[in-house]
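Notes for the one structure printed next.
The values are calculated or read from the model by the stated rules, or taken from the named source; none is laboratory data. Computed from a prediction, not measured in an experiment: that's the story for all the values here. Note that each Cβ is placed from the backbone with ideal geometry, even for glycine, and that neighbours are counted across all protein chains shown. SASA here: full protein model, heavy atoms, side chains in, ligands and nucleic acids out. Shrake-Rupley method; radii C 1.70, N 1.55, O 1.52, S 1.80 Å.
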Amino acid sequence: MEEALSRGARGGTPRMNQVIVNDVAPRDGLQNHPAAVSPEDRVGLINKLVDAGVPAVEVASFVSPRAVPKMAGAAQVVAQLDLGRAAFSALVPNRKGYELARAAGVRSIALVLSATEQMNRNNINMGLDTATAVCREVLQQANADGLEARCYISVAFECPFEGTVPDSEVERLAAEMFKAGVTEIIVADTIGAGNPARARALFGRMVAAFGAERLAAHLHDTRALALANVWEALASGIRKFDASLGGLGGCPFAPGAAGNLATEDLVSMLHQSGFQTGIDLRSLLDALQLLASLVGTPVGGRALPWLESQYPAEPP
Ligand code: COA
Ligand code: ZN
């Protein structure tokens, strides 16, 4: 493993065997789910995740409730959180979203820039150049306001409308965003079209250009390759990953976007491979149970039956 993990690594976050998991279930997981989960219940879920030791959670998106009705009530979610408990962030697509997020007390925003013209148009109703300019403007404001700002580069492997995205384009957009003041780029395989060979090339290139400590990966599991792609990202030195409890998730504006990499699958693989996350898997299964009750259907990643056999529920 050591040899595999040393390829292209540039140091990563504090210790090579520590991984930061950012759970995006309350946002990416619920935004496209048929069940509408109230702000109060989303807060309950977020607190359960933090109880399990999840260090970072994407708690909401400040988007148009007409575009994404399931994310309505973002300010109510943020208002009910104890902001010191974990690294909470919220997705922001434009200036108005930024203003609303700041007013709600958000301290860390995640901007979203898709790597293609058409995906930006379908997702946020702006072309790539306008979206880039808007991100730049919001970043300037966020930096002036002292908010942390990260940026997704979405459809980084493949766009549902324009096909394969060149790695050079992902690097170009990331460079623009770093220049504009983001602290971190989240390379997002929005439709789960990546594979380990491409992941090795893209993450290797990005780490060489920007350093692993400024990068995170957001991988969907559409083709059951998310964990393999995580492994390649780990090998390139990246130590920050998004994942979604229960494997929920998908972008409503990207056809074919199936579920995210399930947090429990990711944490399970990381722990088995000798990485530390600070997450207690037994408690994570409690959070999963809560999520299932909130959405009204069983949820869980590929490893769930095995995990349940390893961490049986406490008798009531
Ligand atoms: N939050 C809430 N309302 C917003 C908003 C935001 N971030 N941005 C715009 N609006 C409101 C405007 O105030 C306006 O309201 P009105 O009709 O009552 O006056 C209306 O939405 C239209 O504003 P406009 O600026 O023309 O937005 P748009 O129709 O071009 O939509 C987005 C742009 C970005 C708001 C919309 O496409 C969106 O919310 N997309 C979300 C995408 C998403 O969440 N994808 C999944 C995660 S990547
Ligand atoms: Zn996603």
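Here are the numbers for this structure:
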{"read-out": "Amide H contacts under 5 Å for GLN18, placed H, 5+ residues apart", "value": "GLN276"}
{"read-out": "Of LYS48/LYS70; LYS48/LYS96; LYS70/LYS96, pairs whose Cα-Cα distance is over 24 Å", "value": "LYS48/LYS96"}
{"read-out": "Under 5 Å, built H, 5+ apart or other chain: amide partners of SER61", "value": "LEU91"}
{"read-out": "Distance-filtered residues of region 208-247 - backbone nitrogen under 20 Å, label point 7 angstrom along THR183 Cα→Cβ", "value": "210-218, 238-243"}
{"read-out": "Amide hydrogen neighbours beyond the local backbone of SER273, cut-off 5 Å, H modeled", "value": "none"}
{"read-out": "Anchor LYS240: aspartates and glutamates whose Cα lies under 12 Å away (excluding residues fewer than 8 positions away in-chain)", "value": "ASP23, GLU184, GLU213"}
{"read-out": "Computed over region 190-316: relative contact order in percent, which uses C-alpha pairs under 8 Å that are six or more apart", "value": "23"}
{"read-out": "Considering only region 102-164, percent of DSSP beta bridges that pair antiparallel, nearest 5", "value": "20"}
{"read-out": "Accessible surface of the chain [probe 1.4 Å, protein heavy atoms]: carbon and sulfur percent", "value": "51"}
{"read-out": "1.4 Å probe accessible area per residue over the chain, in Å²", "value": "39"}
{"read-out": "D (Stokes-Einstein, µm²/s), Kirkwood Cα radius, the chain, 1.002 mPa s at 20 °C", "value": "112"}
{"read-out": "Sequence-separation-based contact order of the chain, relative, with Cα cut under 8 Å and 6+ spacing, percent", "value": "23"}
{"read-out": "Percent of beta bridges antiparallel (DSSP, region 186-265, rounded to nearest 5)", "value": "10"}
{"read-out": "Pairwise FRET efficiency - ALA36 versus ASP280, Cβ, R0 = 35 Å, nearest 0.05", "value": "0.75"}
{"read-out": "Value of Rg to Rh for region 29-108 (Rh from inverse mean 1/r over Cα pairs, i.e. Kirkwood)", "value": "0.94"}
{"read-out": "Note, ³J(HN,Hα) from phi for region 174-184, Karplus 6.51, -1.76, 1.60, rounded to Hz, x at Gly and Pro", "value": "4, 4, 4, 5, 4, 4, 7, x, 6, 8, 8"}
{"read-out": "Part-to-part distance (alpha-carbon centres) for region 60-106 and region 118-166, which is given in Å", "value": "17"}
{"read-out": "Calculated P(r) of region 168-316 - Cα pairs past 24 Å, %", "value": "36"}
{"read-out": "³J(HN,Hα) computed for each position of region 245-255 - Karplus, 6.51 cos²θ - 1.76 cosθ + 1.60, integer Hz, glycine/proline x", "value": "3, x, x, 5, x, x, 8, x, 9, 10, x"}
